[in-house]
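Visitor: Mind having a look at this structure? Questions to follow.
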Amino acid sequence: MKRLIWMAFVLVVAAVFFYLSRFWTLSLWPRSGLFGIEALRPQGSLVGQWLRGTDFAPFELLIWAVGAFLVLTVLQKLYDRLNPPPE
């Protein structure tokens, strides 16, 4: 059961990463945004939207990759702390 919960959690994190990336092509909710929040637009690519107009805009993919790596590292540390290896 614990493994199933962790797998569901990983799938949710993967979906969030996919939505934040520029590769999201699905339009699953109206233009007004998810739950009425305009910042959560249906086109995805939030990192690009947040960086638009800044000096960091050309590095959108690199920033997204580093951020994803850091989040996955923290999640791995959390998993290791909550599931110690059997002795």
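The values are calculated or read from the model by the stated rules, or taken from the named source; none is laboratory data. Since the structure is predicted, the reported quantities are computational estimates derived from the model, not experimental observations. Cβ atoms come from the backbone with ideal geometry, glycine included; neighbour counts cover every protein chain shown. Heads up: the accessible areas ignore ligands, DNA and RNA and are worked out on the full protein's heavy atoms, side chains in. Shrake-Rupley method; radii C 1.70, N 1.55, O 1.52, S 1.80 Å.
Visitor: Of the labelled options (i) 3, 18, 33, 28, 15, 3, 0; (ii) 3, 13, 17, 19, 16, 14, 9, 5, 3, 1, 0; (iii) 3, 17, 30, 30, 16, 4, 0, which one gives P(r) over Cα pairs in 5 Å bins from 0, in percent as computed for this structure?
Guide: Correct label is (ii).
Visitor: Now for a different question. So, for the chain, what is the accessible surface per residue at a probe of 1.4 Å, expressed in square angstrom?
Guide: 81
Visitor: In whole Å, how far is the Cα centre of the range 1-24 from that of the range 34-58?
Guide: Here the answer is 19 Å between Cα centres.
Visitor: With +1 on each Lys and Arg Cβ and -1 on each Asp and Glu Cβ, and nothing else charged, work out how big the dipole of the chain is about its Cα centre, in Debye to the nearest 20.
Guide: Dipole size: approximately 200 debye.
Visitor: Can I ask one more? How many nm separate the modelled label positions at Thr25 and Val10, each set 7 Å beyond the Cα in the direction of the Cβ?
Guide: About 2.6 nm, to one decimal.
Visitor: Counting Lys and Arg as +1 and Asp and Glu as -1, what is the net charge of the other residues whose Cβ lies under 14 Å from the Cβ of Leu62?
Guide: -1
Visitor: Next up: For every helix of n ≥ 4 consecutive DSSP H residues, a contribution of -39,500 (n - 2.57) applies; sum these over the chain, divide by its total residues, and give [θ] at 222 nm rounded to the nearest 500 deg cm²/dmol.
Guide: The helix-only estimate for the chain comes to -18500 deg cm²/dmol at 222 nm.
Visitor: Which order do Val66, Val13 take by accessible area at a 1.4 Å probe, largest first?
Guide: Result, largest first: Val66, Val13.
Visitor: On the protein heavy atoms, probe 1.4 angstrom, tell me the percent of accessible surface of the chain carried by carbon and sulfur.
Guide: Answer for the chain is 72 percent, counting heavy atoms of protein chains only.
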